[in-house]
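Take a look at the structure below.
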Protein chains: 2
Amino acid sequence: MSSAPDNHAMNCLIRKLESIAPLSDRSRQAIESLPVRIHKLDARRDIVRDGDKPTHCCLIIDGWACRYKLLSQGKRQILSFHIPGDIPDLQSLHTHTMDHSLGTMTEATVAFIPHENLRELTARHPGLAAIFWRDTLIDAGIFRAWLVSMGRRSAFEHVAHLFCELYLKLQAVGLAGNYRCPLPITQADLADALGLTPVHINRVLQEMRGKTLITLRSSTLVIEAWSELLRVSEFDPTYLHLEKRATG
Amino acid sequence: MSSAPDNHAMNCLIRKLESIAPLSDRSRQAIESLPVRIHKLDARRDIVRDGDKPTHCCLIIDGWACRYKLLSQGKRQILSFHIPGDIPDLQSLHTHTMDHSLGTMTEATVAFIPHENLRELTARHPGLAAIFWRDTLIDAGIFRAWLVSMGRRSAFEHVAHLFCELYLKLQAVGLAGNYRCPLPITQADLADALGLTPVHINRVLQEMRGKTLITLRSSTLVIEAWSELLRVSEFDPTYLHLEKRATG
DNA sequence: CGACACATTGACCAGACTCAAAGCTAGTGG
DNA sequence: CCACTAGCTTTGAGTCTGGTCAATGTGTCG
């Protein structure tokens, strides 16, 4: 826990924002001067809970997080995955009660930024406000893409689509390349994200391996046939609205 | 088609915005002075298409619209339903390419508002900018709720959850009450929204009628057992972030 | 070496899909 | 005012994708 301004934390955010929009020097400086409180968290810990009324937003600096919702009978739906640079609860700035939870998937370092400072930042820098708004809009676009996968794609296509998305999002912030990216989550997590069971995920993964589409071992995903993966999942990267398109 | 300022159009928007946030007189006046071009559209017409780069936003004044995405093999996923007061493509203000289509479900009256005027409005009125941002955030919350339903609810529960949501959204803008609301869509539309087939939707609806949960005839939904409907779908209205909670 | 979490397998089951055929019902035109 | 139509709803029978339950492998870490 620290309260000194932290360059790494804000560089992380700046890199992410630059992946979705150009950033002026003035905006960059304004971000760098945001006060943050850095926390290190274990894997599988809640950051904010369903029903909370948070007073800070949470910037992921290292590790993975996810939004999720719990239902009766222990059912869990993961709503999104988050990687360094993301602010997964940015929406709490304008919707005061959390309608889902946010938790870590791995050990993670997160920075808490008070709402008041973000409000002041967006008031003083309308350009930044627009970029943050844009970020939440892209988020919404990802939810829509997940809806399409859930509703109208087979389990196989759905998994393929998710892998394309994760690879591109990681690549956009410099955390993946060469068709190789970290995937530090269990098959049960994958199942909860895709609305399937762990058993079925396991079978789909084996089918993907059998077709030499991917390799997945020790939390690393290697995409062996990128264009085939795009094709089977009908993947179109438009919805990620990335600034630098390096879609392979 | 007209270009005179239209009171009904903007009252519609004002009522919607008031359903999610308090509105100052100054904001109200600013909205009333937005220029609009009113169009009347037939049912099942596209308003904006996947891939378009729109220069206007579209305010629904009368009738229903939906966002949807088409896949190969004629598969369609409906992503959201929109009712009078909604601006379903507000996101186009900050993401320039449409990643899905927007079309009417019924005959509809829509107002087109140029992006430039909306940009100017949000620049001059940060309070309104915040409300529009909030609106898109609530939209995202609805996508998340749909994800939960798709991933972890049975067809029966999913239908029940959607009916609760639609009823409350309509009620919030004065278009429903007394457990009765318009539902001017076919079972095939419902199927495309819920990721099911029309045949299965039909069977689920019959089961709901059998349990006296609902009546659905001539495009009118009557909820016969509100609390039971809430219970079976584990419905929690928090995610709608409505200003006046009249959740029965 | 044990323990624990995670991955894999097999056998069986069920919710939702497919295909195809009838029924309705609200408009339309004669 | 009735017959016709087109689009929607309903029904039945058979299928299949993905679920369930339970056991067995396979790391990895202390």
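The values are calculated or read from the model by the stated rules, or taken from the named source; none is laboratory data. None of the values given here were measured: they were computed from a predicted structure. Cβ sites come from the backbone with ideal geometry, for glycine too, and all protein chains shown count toward neighbours. For accessibility, only protein heavy atoms count, side chains too; no ligands or nucleic acids. Shrake-Rupley method; radii C 1.70, N 1.55, O 1.52, S 1.80 Å.
For A:Arg144, the requirement of being facing another protein chain (nearest Cβ under 8 Å), open to solvent by 20 Å² or more (accessible area, probe 1.4 Å), under 20 Å from the mean Cα position of the chain (by Cα) and of a type outside the set (Val, Ile, Thr) is not met. Scanning the range B:163-185 turns up no residue that is over 14 Å from B:Leu240 (Cβ atoms), without any contact (Cβ under 8 Å) to a residue 12 or more places away in the chain and open to solvent by less than 10 Å² (accessible area, probe 1.4 Å). Take the conditions away from chain B (no Cβ under 14 Å), in a helix (DSSP H, G or I) and either touching a Ser or Thr at 6+ places or on another chain (Cβ under 8 Å) or at pLDDT 95 or above (or both) and apply them to A:Val159. Does it pass? Answer is no for this residue.
In the range B:213-248, what residues are of a type in the set (S, T, N, Q) and more than 15 Å from DNA strand D (Cβ to nearest atom)? Once the filter is applied, which keeps residues that are of a type in the set (S, T, N, Q) and more than 15 Å from DNA strand D (Cβ to nearest atom), the range B:213-248 yields B:Ser227, B:Ser233, B:Thr238, B:Thr247. Only one of the listed residues (A:Ser80, A:Ser101, A:Ser154, A:Ser72) is within 12 Å of another protein chain (Cβ to nearest Cβ), under 26 Å from A:Pro198 (Cβ atoms) and in contact (Cβ under 8 Å) with a residue 60 or more places away in the chain. That residue is A:Ser80.
Restricting attention to the range A:56-67, does a residue exist that is of a type outside the set (Asp, Glu) and over 21 Å from A:Asp139 (Cβ atoms)? So far as the range A:56-67 goes, no, none of its residues is of a type outside the set (Asp, Glu) and over 21 Å from A:Asp139 (Cβ atoms). Considering every residue within the range A:111-131, establish whether at least one is open to solvent by 10 Å² or more (accessible area, probe 1.4 Å), away from every other protein chain (no Cβ under 14 Å) and assigned to a strand (DSSP E or B). Yes, the range A:111-131 contains a residue that is open to solvent by 10 Å² or more (accessible area, probe 1.4 Å), away from every other protein chain (no Cβ under 14 Å) and assigned to a strand (DSSP E or B). With the condition kept exactly as written, say whether any residue in the range B:227-237 is away from DNA strand C (no atom under 11 Å from the Cβ), open to solvent by 40 Å² or more (accessible area, probe 1.4 Å) and more than 14 Å from chain A (Cβ to nearest Cβ). Yes, the range B:227-237 contains at least one residue that is away from DNA strand C (no atom under 11 Å from the Cβ), open to solvent by 40 Å² or more (accessible area, probe 1.4 Å) and more than 14 Å from chain A (Cβ to nearest Cβ).
Inside the range A:186-205, can you point out the residues that are more than 7 Å from DNA strand D (Cβ to nearest atom) and crowded, with 20+ Cβ neighbours inside 10 Å? Those that are more than 7 Å from DNA strand D (Cβ to nearest atom) and crowded, with 20+ Cβ neighbours inside 10 Å: A:Asp189, A:Leu190, A:Ala191, A:Asp192, A:Ala193, A:Leu194, A:Ile201, A:Val204. Evaluating A:Lys244 against the criteria (1) outside any loop (DSSP other than H, G, I, E, B); (2) more than 12 Å from DNA strand C (Cβ to nearest atom); (3) open to solvent by 60 Å² or more (accessible area, probe 1.4 Å) leaves one unmet condition, (1). Of all residue pairs spaced 6 or more apart or on separate chains, those with beta-carbon atoms under 6 Å, a first member in the range B:186-211 that is in contact (Cβ under 8 Å) with a residue 24 or more places away in the chain and part of a helix (DSSP H, G or I) and a second member that is open to solvent by less than 80 Å² (accessible area, probe 1.4 Å) and of a type in the set (S, T, N, Q) are B:Ile201/B:Gln187.
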